[in-house]
Amino acid sequence: MAQCVSRVELSVSCQRLLDRDVGSKSDPLCVLLQDVGGRQWAELDRTERIKNCQNPEFSKKLVVDYYFEKVQKLKFGVYDIDNKSPDLNDDDYLGGIECTLGQVVSSSVFTRPLELKEGKPAGKGTITISAEEIKDTRVVYLEIEARNLDKKDFLGKSDPFLELYKQGDAGMWQLVYRSEVVIKNNLNPCWRRFSVPLQTFCGADFNKPIKVQCADHDSDGSHDLIGIFETNLAQLQKAGDGSPVEYECIHPEKKQKKKSYKNSGIIRIKSCKIETDYSFLDYIMGGCQINFTVGIDFTGSNGDPKSPDSLHYISPDGINEYLIAIWSVGSVVQDYDTDKLFPAFGFGAQVPPSWQVSHEFALNFNPSNPYCQGIQGIVDAYRQILPQIRLYGPTNFSPIINHVARFAAHSAQQGTASQYFILLIITDGEITDLDQTRQAIVNASKLPMSIIIVGVGKADFKAMEFLDGDNGILKSLTGEPAARDIVQFVPFQQFKNAPREALSQMVLAEVPKQLVSYYKLQGWPPVKLPETKKM
């Protein structure tokens, strides 16, 4: 296991971006990708989108784990976003750069010209990145509202939003948060509760000056200042328990011009709390076990295992796509499971002795003890069972998802962050019980589990991409949304010629976030708290 030295937070701004929109300026967003081997890039993080802006300063920081002993190749891509889809393939590319994390970390400020492709500059556009190590995992949670704000719009009321800045060492103000919710036509807005890491907010210095700016949002990017005030975290912390802290929102020019000027409204801090955020490593080092289960698709659409064009055909060198997927993912996950006993199931085949179709049969034919010893045990069981079953159908995912969910539900009743479940489903993609599977995933999203689907072969995987939920929240047939995104789908085809670790890195990229999001939702700390966080 590579040892993560620390987490690094990257602040990104751009200058003189290309203008791709007719009649208005571009709406930029910056995405951060990491080379996972074989020139395959996996997305690590992305900023917010800023409307109508050619010189954006992004408030969302990009967070990346820094490994001293790895050359971490990064790619920053800036896109003009004109739709709601998270897929960037249909958006205009405004330029990007490739560099290593080491280069960024070792420069106090890293500025480079943007390129549309190697050697082709993106006009005069540049990107500036600065890195800061995240040493403190505490988070500031704020609830803010305002009263009697100045009316800025000629026809309607104002559309107010907030920006918070911290004062840097050289006296410069650095943006730390921009409220994403623009409250339309409201002079008495109440913004949604939001959080900013303490390190980002004030460098963990409770007396560092903080500037709060309230402005009226205009869709063309020419926002009008309503007013500002300065404070610090020590002052903000006095808010809470029904007694807010109030500040006058002052417009400096109006104050100078008018003697009778009082303020441009009152901003009230309803509550300011500091809580600890735990990382994936905090939970793992704190004793959380990851339980790994495999489900293998033995439906007829895979083709006869004896035929070389079957997806289950084992080549003379002893492999096929199913086996590579098991090895790639299993070899990483097994490090987090102490007993190395993994339940492995098949679905969609006729099974002896009755030759009934089964949608969850133990690969070792032992339903009371379906555990295989290590990843090699799963591989051995798979090879032994192939000649003994008849591939059939239909392709039902829900029974095996519900099977693992029962164990996850039992573990969740303990009320501790001690067990997390990963289900790897390897399939050729022709799913039959889509509605039941949607319901099973929505139910499982409330449990300590993640589902990884690896699609083998060349089938149409639209249903799998739908289950992944990347294009909006997955909902059950009755309209119930998933509590969190727990499905990661990866088509094996993309990784056929890449090194094996590329598949596992892509497949497992979401799991740490998913595990942390579950325990955060429950409010459960690690079983054993790290020494530095016992507060």
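What lysines could a cross-link reach from Lys75, if we take a straight Cα to Cα line under 18 Å and drop same-chain neighbours fewer than 8 places away?
Lys60, Lys61, Lys117, Lys120
Can you give the percent of C-alpha pairs in the stretch 281-522 whose distance is more than 21 Å?
54 percent
Just how many % of Cα pairs in the stretch 188-312 lie over 21 Å apart, if you round to the nearest whole percent?
I get 65 percent for the Cα pairs in the stretch 188-312 exceeding 21 Å.
What FRET efficiency do you get for Ala498 and Tyr261 if R0 is 51 Å and r is their Cβ-Cβ distance, rounded to the nearest 0.05?
Efficiency, rounded to the nearest 0.05: 0.20.
Suppose R0 equals 22 Å; then what is the FRET efficiency for Leu341 and Gln522 from their Cβ-Cβ distance, rounded to the nearest 0.05?
0.25
In Å³ and rounded to a whole number, note down the convex hull volume per residue for the Cα atoms of the stretch 232-273.
Cα convex hull per residue, to the nearest whole number: 73 Å³.
Non-local amide H neighbours of Lys60 (under 5 Å, H modeled in plane, Pro and chain starts lacking H): which ones?
Glu48
Can you give the accessible area per residue of the chain, in Å², using a 1.4 Å probe?
For the chain, the solvent-accessible area averages 47 Å² per residue.
Given Lys340/Lys458; Lys151/Lys257; Lys211/Lys262; Lys184/Lys513; Lys306/Lys458; Lys157/Lys238, which pairs have Cα atoms separated by over 25 Å?
Lys340/Lys458; Lys184/Lys513; Lys157/Lys238
Helix 434-444 versus the longest principal axis of the chain: what angle, 0 to 90°, nearest 10, using Cα atoms?
60 degrees
Just subtract the alpha-carbon distance of Glu480 and Thr128 from 0.36 nm times their residue separation and send over the number in nm, one decimal.
Contour length minus Cα-Cα distance gives 122.5 nm.
What do you get for Rg/Rh over the chain if you use C-alpha atoms and the Kirkwood form of Rh?
1.02
With a 1.4 Å probe and all protein chains left in place, how much of the accessible area of the chain comes from carbon and sulfur atoms, in whole percent?
50 percent
Within the stretch 31-54, list the residues whose amide N lies under 18 Å from a label point set 7 Å along Cα→Cβ of Asp19.
Under 18 Å, as judged by backbone N against the label point of Asp19, lie 50-54 of the stretch 31-54.
What length, rounded to one decimal in nm, is gained on full extension from Arg39 through to Lys273, with 0.36 nm per residue of separation minus their alpha-carbon distance?
79.9 nm
Calculate for the chain the 222 nm mean residue ellipticity that helices alone would give, adding -39,500 (n - 2.57) per DSSP H run of length 4 or more and normalising by residue count, nearest 500 deg cm²/dmol.
Taking each H run of at least 4 residues, the total per residue is -5500 deg cm²/dmol.
The values are calculated or read from the model by the stated rules, or taken from the named source; none is laboratory data. These figures come from a predicted structure and were not determined experimentally. When we count neighbours, we look across all protein chains shown, and the Cβ atoms used for this are built from the backbone with ideal geometry, even at glycine. In case anyone asks, the SASA skips ligands and DNA or RNA and just uses the protein heavy atoms, side chains included. Shrake-Rupley method; radii C 1.70, N 1.55, O 1.52, S 1.80 Å.
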